[in-house]
Amino acid sequence: MRADHTTEIVVIGAGQAGLSAAYFLRRAGLVPMSDFVVLDHAKRPGGAWQYRWPSLRLGGVHGLHDLPGLALGGADQDRPASEVVSEYFARYEDVFELSVHRPADVRSVRYTGDDRDGFVVETPTESWLARGIVNATGTWDRPFRPYYPGRETFAGRQLHTADYTGVGEFRGRRVVVVGGGSSAVQQLLEIAPVAADTTWVTRRPPVFRDEEFTPEYGREVVAAVDARVRDGRPPRSVVSVTGLMLTPEVRAAREAGVLDRKPMFERITPHGIAWADGTEQHADIILWATGFRAALDHLAPLGLRERGGGIRMNGTEVAAEPRVHLVGYGPSASTVGASRAGRAAVRELRATLAH
């Protein structure tokens, strides 16, 4: 099969995980544009961070870890995280000469032919032949919006976390925030002071964690998520394992009644939500802070998914296809995990290709 370019390894995505993998490929002596290439669909550096809402300050971000080889440094904690991290990623690409192709929206990865000798990575304008794939596409492009009866009848606005840009459009409105993750809590704390009314709804009662997040506990969390993907099941969200951090701001919001959680509603009405017992809550806006799913549709031609929808993994390696590694997926879906996964993926993939 013919393609526009030939390379050894294609890295798809230039967020934390993709840049980490590119760094370790560079350290291994591989040169961009020759032995590996990085493709990123965004127009500029920053990964998913560039899309974070402007009111999210760097000081309000939990668990942002340095990329390998270059520290973020003493950044202004009051600046928007989207700006600081995007600048950091751009500096990282420049310092280590990681020539990222962008915008390069990978539409499909398929085998070269019946012998499955390699892969063809296709964008709308170019294609690459490669022997190995490091996929680091994250989740931001696949916001998850669960369906509830009546959703299409709602007369107000429905937004997702990915659409959130600040509190302006919530001022004086009755708002329902759906979701039990950290984004739901952060946005609820911002919206509550300006909204006419807020209602927080989650499927499960939230668990607030007041203890220190120790390395031992971190390993337990990683092990729990890793067990799921090794079984071929879809990974769970990190918060479902770790719980919500009980920061001073969160503690104050609980005491003020802002985080008075209600169970999940049964249906959506034209003017709000309704529970099974007939109780209704009027709303002008429903904010779906219901998380994201792994953006892996471009890998569909390879047939990697199990019947349950997950991909069976051995570390970063796809069990059914060891020439494909997923970083920023499952147990490595965190800033510190993504960097470690980049190192592991490069080491194991190069060993596989050597044989």
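Looking at this structure, is residue 21 part of a loop (DSSP other than H, G, I, E, B), in contact (Cβ under 8 Å) with a residue 60 or more places away in the chain and buried (at least 20 other Cβ atoms within 10 Å of the Cβ)?
When the stated conditions are applied, residue 21 does not pass them.
Identify the residue in segment 283-305 that is of a type in the set (Gly, Ala, Ser) and in a loop (DSSP other than H, G, I, E, B) and, among all such residues, is farthest from the chain's Cα centre (by Cα). Before you say what the answer is, go through the steps one by one.
Filtering segment 283-305 down to residues of a type in the set (Gly, Ala, Ser) leaves 283, 289, 291, 294-295, 300, 303.
If we keep only those that are in a loop (DSSP other than H, G, I, E, B) too, we end up with 283, 289, 291, 294-295, 303.
Working: 283: 29, 289: 13, 291: 9, 294: 7, 295: 9, 303: 22 Å.
Going through the qualifying residues, I end up with 283.
Among the residues of segment 148-162, write down those that are under 30 Å from residue 54 (Cβ atoms) and surrounded by 14 or more Cβ atoms within 10 Å (Cβ to Cβ).
If the condition is that a residue be under 30 Å from residue 54 (Cβ atoms) and surrounded by 14 or more Cβ atoms within 10 Å (Cβ to Cβ), then 148, 151, 154, 156, 157, 158, 159, 160, 161, 162 are the ones that fit.
So which residues in segment 182-204 are in a loop (DSSP other than H, G, I, E, B) and either more than 19 Å from residue 256 (Cβ to Cβ) or of a type in the set (S, T, N, Q) (or both), if there are any at all? Give the steps one after another, and end with the answer.
Step one: filter segment 182-204 for residues in a loop (DSSP other than H, G, I, E, B), giving 192-196, 203-204.
Matches in segment 182-204: 203, 204.
Tell me, which residue of segment 96-117 that is of a type in the set (Ser, Thr, Tyr) and under 17 Å from residue 37 (Cβ atoms) is surrounded by the fewest Cβ atoms within 10 Å (Cβ to Cβ)?
99
State which residue is nearest to residue 245 (Cα to Cα) when the search covers only segment 58-71 and only residues that are modelled with pLDDT of 85 or more and assigned to a loop (DSSP other than H, G, I, E, B).
Among them, the one singled out is 66.
Yes/no per residue for (1) crowded, with 17+ Cβ neighbours inside 10 Å; (2) assigned by TED's automatic domain parsing to the domain that holds residue 182:
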| residue | (1), (2) |
| --- | --- |
| 279 | no, yes |
| 303 | no, no |
| 318 | yes, no |
| 325 | yes, no |
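Take the conditions free of Cβ contacts under 8 Å to residues at least 12 places away in the same chain and more than 23 Å from residue 295 (Cβ to Cβ) and apply them to residue 71. Does it pass?
Criteria met by residue 71.
Can you tell me which residues in segment 336-355 are modelled with pLDDT under 90, part of a helix (DSSP H, G or I) and surrounded by fewer than 15 Cβ atoms within 10 Å (Cβ to Cβ)?
Once the filter is applied, which keeps residues that are modelled with pLDDT under 90, part of a helix (DSSP H, G or I) and surrounded by fewer than 15 Cβ atoms within 10 Å (Cβ to Cβ), segment 336-355 yields only 354.
Of all the strands (runs of 3 or more DSSP E) wholly in segment 72-181, which have at least 2 residues that are in the same structural domain as residue 12 (by TED's automatic domain parsing) and of a type outside the set (A, V, I, L, M, F, W, C)?
Once the strands (runs of 3 or more DSSP E) in segment 72-181 are filtered for at least 2 residues that are in the same structural domain as residue 12 (by TED's automatic domain parsing) and of a type outside the set (A, V, I, L, M, F, W, C), what remains is 108-111, 132-135.
The values are calculated or read from the model by the stated rules, or taken from the named source; none is laboratory data. Only a predicted model underlies this, so the values are computations on that prediction, with no experimental measurement involved. We place every Cβ from the backbone using ideal geometry, glycine too, and count neighbours over all the protein chains shown.
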